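Trainee: Take a look at the following structure, please.
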Amino acid sequence: MARGELVDALVGSPTRVVAIVAGPGYGKSALLGQWADRLAGAAVWHTCTDADNDPAALLAAIGRAAGAGPGIVTVAGLIRALDPAPAGTLLVDGVQVMTSAASLNVLTDVIDRLPDTWRVGITSRARPRLPIARLRAAGELLELGPGELSFAHDETAQVLARSGITLSPTATDQLLERTQGWPVAVSLAGMALRADETRTFTGDDVFMREYLRTEVLAGLRSRDTALLVRCAILDELSGPLCDAVLRTRSSGAALEHLAAHGVIEQAGRDGDRFRCHPLLRDLLTAELHRKEPALVPELHRRAARWYGDAGVPDQAIEHAHLAGDTAELTRLVLDWSQHTWANGGIDSVHRWMSWLEESDGGSAFPAIAAHAALIFALVGEPARAERWSAIAKGAPVSGSLSDGSTVEATLAYLDAIEARQGTAQMRLDARVAWEGLAPASPLRATMRHTEALADLLDGDLDHADGLFVEAQEAAEAAGIGPLVGMVMCERASIAVERGDWSAAEDAVRRATSIVTDGDYGSYWSSALVFAWAARLAVHLGLRSEAVEHTRRALALRPLLTYALPVVSTQALLATAQASLGLGDHHAAAATARRAEEIVHRRPGLGDLPDRVAALVAAVQETADQGRPDTLTPAEIRLLPLLATHLTFPLIAERLGVSRNTVKTQAISTYRKLGVTSRNEAVARWEVLDGS
């Protein structure tokens, strides 16, 4: 909030008490002074000193500030001295220096007994031992803290400008993120950048380092400083976590003490989580690496263990990575990657696998190598997927994993999804994996789905549908939303083959809801869902809906590669068919080429090559005959009805329009499709719609 707005808030607030509490360098005294200037002489200002720990000295000092002269020795006497004034504001700056309970009780008594026409404003670096909770509950308190006192973008730019520094908006935002808008840090950054605008301002910068040491860390107990330095590896601080990292039992009380003195901040409303300012953490981290570099990996290892036991995979895995503990990193990734992926954390899993790749982790662990191959396949990086696949298959086939799955089953799982040797082997691999994977393994659902795919590609729709039902049930039981949505679309494709567009519509709409509600929109598996949603919308004549779903399917096209050939090709086919239906020949052609490349690299996938060849031919035919890119929504809605036995009068009744309107729309449609009869229009539309 801008300083002018803050002063306006102080002047205009109806509350009786204002507490401005933040660490050093937030401009608390300056803000109090600006408030005093607006009060036009109706303010009583007192800056606290160590002498105020004597209650008598405190009362006398406030009395002198109020112009009451000497002799004020009681609260009652001070109140009598202030009472004649019609209204006023008592401003007490720097309450943190008062540690005497007696003096704090006196100040509390003053606040409680001041006339109703008086207000009180206090500043403190730490939470003052005053009746803050009571005043808050009574609605008599306005609180300003670091969040309100921090600079925003414009104020940051203005402070830098006063130092002769002009940064781009992006660079200003980056500095704002590093400083968190801490006013003194922004000012010191301006001084540092004046010497060298190319430098990155951190908490270990000479100007910032000196300020932090003298204004924030000075006077701390040695054990508290040691806690801060060694726990600088942590994003967030809590008593149990710091105890685990430091192997102590008193961290909770120490953190409370540091927070009470404004050194660290609360990280949430629960009151037991804290954080260091990023610049302070920079300094502490640099101190740790200078003084105890050999201890750093062990501290990370302890943090990884604590977070792992607490069920916080992101932090556990990051600390295992920073510890350089490849074995622990591998174990944690294996335990958490499938669950995290299924719950929308594909980016996290991708990052973990990249860390494993950097550390050469997983080379001796076929299960993690198989997971890595899958993840890189899912994010559209087939070369990296193949590298990990080769690592997995180079490991010994015997043995079992910690969850009871056999290594043989894990490798069969990988062979099944890669489908390198055609549908028969794909089916066999899926069955071997299903039998050898642990009953609780989330990979089993994928194997039912993969076996069903093999049957679907070989034309056994009934058996495929039954297996898809089993795959859906297994995926639902395991909580794998992306797979559930994908399986529903496979079942929709079978329904369309049977001519049951109603069942297909129900399945596709449920699948789309799963993807949107679960935030899986960027997932590889969602390409098939969006593609089928687009096909359905084209079939129903819902052009705007079809355009949106096709756009989302096309956005996922880079993820569709030969690494996961079957569903990738299915999604490309459905996307191209929807694009043709919308008259987007360019998108259809590019999508068809990608499908053609996949089946060329992965031959033997049942009827997929024939379907791709038919699609390519349809795209070419459309190019030769001209594109129906001017079909109106009404004409698209009419086309499915032309394929029925209904006469024009019955179609008109169904659509709620006149017979002449239907006839006019039909003639227009024939012309745009380059045909001369109803039967030809239906045949042409079936090519475009993929029915």
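Trainee: Normalised by the number of residues in the chain, what is the relative contact order in percent for Cα pairs under 8 Å and 6+ residues apart?
Mentor: Rounded, it is 7 percent for the chain.
Trainee: Continuing with this model, one more query. Under 8 Å for C-alpha pairs, at least 6 residues apart: give me the relative contact order for region 326-375, rounded to a whole percent.
Mentor: Relative contact order here is 46 percent.
Trainee: Calculate one ³J(HN,Hα) per residue across region 33-50 by plugging θ = phi - 60° into the Karplus curve 6.51 cos²θ - 1.76 cosθ + 1.60, and present them in order as whole Hz with x for glycine and proline.
Mentor: x, 5, 5, 4, 4, 6, 7, 6, x, 8, 10, 10, 10, 9, 9, 6, 9, 4
Trainee: Could you pull out every one of the aspartates and glutamates with an alpha carbon less than 14 Å from that of Lys28, ignoring same-chain neighbours closer than 8 positions?
Mentor: Within reach: Asp93, Glu143, Glu148.
Trainee: Within 10 Å, count the other beta carbons around each residue, average over each peptide in 632-645, 344-357, and list them highest first.
Mentor: Values: 632-645: 17.1, 344-357: 19.6.
My ranking of the peptides, most packed first, is 344-357, 632-645.
Trainee: Which shape class, rounded, prolate or oblate, goes with region 112-271 when its Cα gyration tensor gives a ≥ b ≥ c as root eigenvalues, a/c under 1.5 marks rounded, and past that a/b bigger than b/c marks prolate?
Mentor: The shape class here is oblate.
Trainee: Mind checking region 486-548 for trypsin sites (Lys or Arg not before Pro) that DSSP puts in a loop (not H, G, I, E or B) and that have at most 15 other Cβ atoms within 10 Å?
Mentor: Arg498
Trainee: Using a 7 Å offset from the Cα along the Cα-to-Cβ direction at both Asp309 and Ala617, what is the distance between the two label points in nm, to one decimal?
Mentor: Taking the simple label geometry, Asp309 and Ala617 are separated by 6.7 nm.
Trainee: A further question follows. Using 0.36 nm per residue of separation minus the Cα-Cα distance, give me the extension gain between Arg213 and Ser354 in nm, one decimal. Don't skip to the answer; put the middle values down first.
Mentor: Working: separation 141, 0.36 × 141 = 50.76 nm, distance 3.77 nm.
Using 0.36 nm per residue and subtracting the Cα-Cα distance, I get 47.0 nm.
Trainee: Right, here's the next one. Run the quick spin-label model on Ala327 and Gln180: label points 7 Å from Cα toward the beta carbon, then report their separation in nm to one decimal.
Mentor: The answer from the label model is 3.8 nm.
Trainee: Note the full-extension length gain between Ser658 and Asp37 as 0.36 nm times their separation in residues minus their Cα-Cα distance, in nm to one decimal.
Mentor: 215.7 nm
Trainee: Using a Förster distance of 41 angstrom, determine the FRET efficiency expected from the C-beta separation of Ala2 and Ser544, and round it to 0.05.
Mentor: 0.45
Trainee: Still on this structure, please answer the following. List, in order, the whole-Hz ³J(HN,Hα) value for each residue of region 216-230 obtained from phi through the Karplus relation with A = 6.51, B = -1.76, C = 1.60 and θ = phi - 60°; use x for Gly and Pro.
Mentor: Once θ is set to phi - 60°, the couplings for region 216-230 become 10, 8, 4, x, 6, 5, 4, 5, 6, 4, 4, 4, 4, 5, 6 Hz.
Trainee: Okay, moving on. Measure nothing but the geometry: give the 0 to 90° angle between the long axis through the Cα atoms of 422-436 and the longest principal axis through the Cα atoms of the chain, rounded to 10°.
Mentor: Helix 422-436 sits at roughly 50 degrees to that axis.
Trainee: Report the residues of region 196-232 in range of a label on Thr166: point 7 Å along Cα→C-beta, backbone N strictly under 16 Å from it.
Mentor: The answer is 197.
Trainee: Sticking with this one: Could the peptides 581-589, 557-565, 514-522 be put in order, highest first, of the mean number of other beta-carbon atoms found within 10 Å of their residues?
Mentor: 557-565, 581-589, 514-522
Trainee: Subtracting the Cα-Cα distance from 0.36 nm times the residue separation, let me have the gained length for Val73 to Ser100 in nm, one decimal.
Mentor: 8.0 nm
Trainee: Right, something else. Would you indicate which of (i) 54; (ii) 44; (iii) 35 is the value of percent of Cα pairs over 40 Å apart derived from the coordinates of this structure?
Mentor: Only one listed value fits the structure, namely (i).
Trainee: Continuing with the same structure: May I ask you to derive the FRET efficiency for Thr225 and Arg80 from their Cβ-Cβ distance with R0 = 41 Å, giving the value to the nearest 0.05?
Mentor: 0.30
Trainee: Run lengths n ≥ 4 of DSSP H only: what is the helix-derived mean residue ellipticity at 222 nm for the chain, with -39500 (n - 2.57) per run over all residues, to the nearest 500?
Mentor: -20000 deg cm²/dmol
Trainee: When the Karplus curve 6.51 cos²θ - 1.76 cosθ + 1.60 is applied with θ = phi - 60°, which whole-Hz ³J(HN,Hα) does each residue of region 165-170 get, with x for Gly and Pro?
Mentor: So the Karplus estimates, Gly and Pro as x, are 10, 10, 9, 5, x, 5 Hz.
Trainee: Further, regarding this structure: For Lys672, give me every one of the lysines with a C-alpha distance below 16 angstrom, ignoring sequence neighbours fewer than eight places off in its own chain.
Mentor: Once the sequence-local lysines are set aside, what remains near Lys672 is Lys663.
Trainee: Quick one: dipole size for the chain, taken about the Cα centre, charges +1 on Lys/Arg Cβ and -1 on Asp/Glu Cβ, in debye to the nearest 20.
Mentor: Value, rounded to 20: 1160 debye.
No value in this document is a laboratory result; all are computed from the given coordinates. Remember, it's a predicted structure, so these values are computed and weren't measured experimentally. Heads up, the Cβs are rebuilt from the backbone with ideal geometry, glycines too, and the neighbour counts pull from every protein chain shown.
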